[in-house]
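Here is the structure we will look at, set down as structure tokens.
The values are calculated or read from the model by the stated rules, or taken from the named source; none is laboratory data. Given the structure is predicted, the values throughout are model-derived calculations rather than measurements. Cβ sites come from the backbone with ideal geometry, for glycine too, and all protein chains shown count toward neighbours.
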Amino acid sequence: MSLTAEEVIRLNKEYTLFEWTAQGNFLPMPIERAKGVYFWTTDGKRYLDFNSQLMSVNIGHGDERVIRAIYEQACKLPYANPYAATEIRGRLGEVLAQITPGNLKKSFFTLGGSEANENAIKIARMVSGKHKIIARYRSYHGATLGSATLTGDPRRWAAEPAISGVVRVHDPYHYRCRWCQHEEACNLNCLNHVEDVIQFEGPHTIAAIIMETITGTNGIIIPPKEYYQGLRQLCDKYGIFLILDEVMCGFGRTGKWFACEHYEIAPDIMTMAKGLTSSYAPLGNCIVSEEIAEYFDDHVLWSGLTYGGHALSCAAALACIQVYQEDNLIERAAEMGKFLAEEEDKLKAKHPCVGEVRHIGLFSIFELVKNPETREPMAPFNAKPEQMKVMNEIRKYLLDNGVFTFFRWNNFFVNPPLCITKEELMEGLQVIDRALEIGDRYVE
Ligand SMILES: Cc1ncc(COP(=O)(O)O)c(C=O)c1O
């Protein structure tokens with residue numbers, strides 16, 4: 001007999017630890033099943049999944065094609081050691097080389113995004129013979145020691161003092177930028193600042209620059225095209241590898257296969273996870289350019305994982321990529337993204353608590369403020385639980401009305417599965433419209 005919702009929560013809390021939270025008062029949601037853009041809790045309540053769980057179930061829940069592919073692979077060969085060649089690993093590698101931009105060619109498979117970034121910086125260091133890595137402050141690259149050090153946000157602090165040689169730069173965050181928030185558009189001082197830092201640190205010491213092409217949990221920060229074109233030029237000028245972390249913004253999320261296509265640039269190394277399998281199985285990947293791959297023809301690749309290229313995860317990824325293609329999900333995300341953007345802009349115009357909405361494809365955020373003039377955030381950077389009162393009220397309203405999404409400080413996100421329809425988008429946005437009235441009441 002299945003457990004009740006209370007029993008599921010009790011067992012989880014008694015025997016497992018939850019991430020990024022103090023455990024005592026934490027109340028996890030007991031999730032039982034999911035289909036399309038909806039999921040159901042153990043006690044039978046239905047939620048519209050406006051965050052694709054963790055910005056990751058891009059194709060939507062319960063797709064039989066992916067489930068069947070995992071099953072068929074499990075029947076044949078669930079696992080082979082990572083030195084072995086398997087059909088599924090080879091096929092997936094080939095497809096990834098085809099859909100990624102530039103001359104990205106060879107994949108090094110990991111279990112998730114953090115490990116993909118760990119390996120990206122190890123590879124950049126091995127090939128360049130240099131040590132330092134430049135990363136941004138408003139960033140998240142993972143929870144393991146190295147990728148937590150690359151991370152700029154407070155999730156880094158518990159890992160410190162961590163790996164050496166990570167240098168951070170400011171972000172192209174126009175809404176709160178010290179250089180250009182009062183100007184119409186980004187004036188690219190943030191890019192000039194990157195060049196200053198390169199020179200102060202010494203280009204001969206810098207192996208790579210790592211950035212989330214479009215920043216995820218730190219605020220859907222969408223730089224102008226000139227930013228990345230300039231950054232690519234800086235990397236070429238100073239002989240520094242460009243690593244783009246597309247763990248969250250890759251696989252159609254922004255309306256292109258990969259977000260860097262909006263900027264018409266390609267990195268030397270790209271990391272991916274989440275949408276790679278739409279989370280049907282754990283898989284990350286660090287894909288490297290042909291030149292970097294060639295270096296390892298006669299140099300040892302000092303890295304490896306027991307579950308590298310796991311057959312079940314590779315089967316999930318390959319089937320998932322076929323779903324993106326068969327259902328035209330990339331084009332669909334671009335088209336639905338335009339609709340979502342129009343509707344979100346209307347909500348911004350209507351509600352004074354919305355300081356800014358930012359959107360690209362089905363990757364979007366509402367940034368809430370107490371005061372639209374001063375832009376004082378509704379909850380401060382790294383807000384403590386007691387500073388989240390208004391945001392929690394809004395979150396509760398959404399949940400009470402069947403809409404699940406991701407909240408962080410003064411932001412909440414709308415990142416639904418790419419298969420969502422206009423009607424389903426409107427279903428969630430109408431609840432958000434009413435929830436924002438709560439925020440409006442706190443505007444000074
Ligand atoms: C941009 C980015 N990079 C890396 C990671 C880490 O991935 P994982 O949690 O699979 O290790 C995340 C996770 O949210 C992410 O959003």
Next item on the list: Taking only the stretch 342-368 into account, find how many residues are in contact (Cβ under 8 Å) with a residue 24 or more places away in the chain and under 24 Å from the mean Cα position of the chain (by Cα).
Entry: 16
Notebook entry, point to check: Quick one: residue 59 ticks every box in (1) in a loop (DSSP other than H, G, I, E, B); (2) touching a Leu at 6+ places or on another chain (Cβ under 8 Å); (3) within 16 Å of the ligand (Cβ to nearest atom); (4) among the hydrophobic types (A, V, I, L, M, F, W, C) bar one, so which box is it?
Noted result: (3)
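Out of 143, 208, 185, 162, I need the residue that is away from the ligand (no atom under 16 Å from the Cβ) and not assigned by TED's automatic domain parsing to the domain that holds residue 367. Which one? Please lay out each step first, then the result.
Details: 143 fails: away from the ligand (no atom under 16 Å from the Cβ); 208 fails: away from the ligand (no atom under 16 Å from the Cβ); 162 fails: away from the ligand (no atom under 16 Å from the Cβ).
Checking each option against the conditions leaves just 185.
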Margin query: Pull out all pairs, ordered by first then second residue, where Cβ-Cβ is under 8 Å, the residues are six or more apart or on different chains, the first lies in the stretch 195-210 and is within 19 Å of residue 138 (Cα to Cα), and the second is charged (D, E, K, R) and in a strand (DSSP E or B).
Written below: 210/245
Next item on the list: Select from the stretch 146-159 the residues that are within 12 Å of the ligand (Cβ to nearest atom) and either touching a strand residue (DSSP E or B) at 6+ places or on another chain (Cβ under 9 Å) or free of Cβ contacts under 8 Å to residues at least 40 places away in the same chain (or both) and list them in ascending order.
Entry: 146, 147, 148, 150, 151, 152
Note to self: Test of understanding: among 24, 36, which residue is surrounded by 15 or more Cβ atoms within 10 Å (Cβ to Cβ) and either in contact with a Cys (Cβ under 9 Å, 6 or more places away or on another chain) or without any contact (Cβ under 8 Å) to a residue 12 or more places away in the chain (or both)?
What the structure shows: 36
Note to self: Take the residues in the stretch 146-169 that are within 16 Å of residue 194 (Cα to Cα) and in contact with a Phe, Trp or Tyr (Cβ under 6 Å, 6 or more places away or on another chain); name whichever of them is surrounded by the fewest Cβ atoms within 10 Å (Cβ to Cβ).
What the structure shows: 168
Margin query: Looking at the stretch 99-128 only, could you name the residues that are more than 16 Å from the ligand (Cβ to nearest atom), part of a helix (DSSP H, G or I) and either within 20 Å of residue 248 (Cα to Cα) or not assigned by TED's automatic domain parsing to the domain that holds residue 273 (or both)?
Written below: 99
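Can residue 301 be described as within 25 Å of residue 102 (Cβ to Cβ), surrounded by fewer than 21 Cβ atoms within 10 Å (Cβ to Cβ), hydrophobic (A, V, I, L, M, F, W, C) and more than 20 Å from the chain's Cα centre (by Cα)? Give the steps one after another, and end with the answer.
On the way: within 25 Å of residue 102 (Cβ to Cβ): yes; surrounded by fewer than 21 Cβ atoms within 10 Å (Cβ to Cβ): yes; hydrophobic (A, V, I, L, M, F, W, C): yes; more than 20 Å from the chain's Cα centre (by Cα): yes.
So residue 301 passes the test.
Matching residues to (1) surrounded by fewer than 15 Cβ atoms within 10 Å (Cβ to Cβ); (2) in a helix (DSSP H, G or I); (3) outside the structural domain of residue 414 (by TED's automatic domain parsing); (4) more than 16 Å from the ligand (Cβ to nearest atom):
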position	(1), (2), (3), (4)
47	no, no, no, yes
83	yes, no, yes, yes
90	yes, yes, yes, yes
97	no, yes, yes, yes
Checklist line | Filter pass, residue 172 being assigned by TED's automatic domain parsing to the domain that holds residue 256, buried (at least 24 other Cβ atoms within 10 Å of the Cβ), part of a loop (DSSP other than H, G, I, E, B) and of a type outside the set (Val, Ile, Thr) | finding: yes
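Which one is farthest from residue 415 (Cα to Cα), of the residues in the stretch 17-39 that are among the polar types (S, T, N, Q) and within 25 Å of the chain's Cα centre (by Cα)? Show your work before the answer.
From the stretch 17-39, those among the polar types (S, T, N, Q) are 21, 23, 25; that's our starting set.
Right, trim to within 25 Å of the chain's Cα centre (by Cα) and you get 21, 23.
Values: 21: 22, 23: 27 Å.
Per the stated criteria, the residue is 23.
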Notebook entry, point to check: Only one of (1) of a type outside the set (Lys, Arg); (2) loosely packed, with under 14 Cβ neighbours inside 10 Å; (3) in contact (Cβ under 8 Å) with a residue 40 or more places away in the chain fails for residue 411. Which number is that?
Noted result: (2)
Check: For the stretch 320-341, does any single residue satisfy the condition of being touching a residue at least 40 places away in the same chain (Cβ under 8 Å), farther than 30 Å from residue 367 by Cβ, assigned to a helix (DSSP H, G or I) and among the β-branched types (Val, Ile, Thr)?
Finding: yes
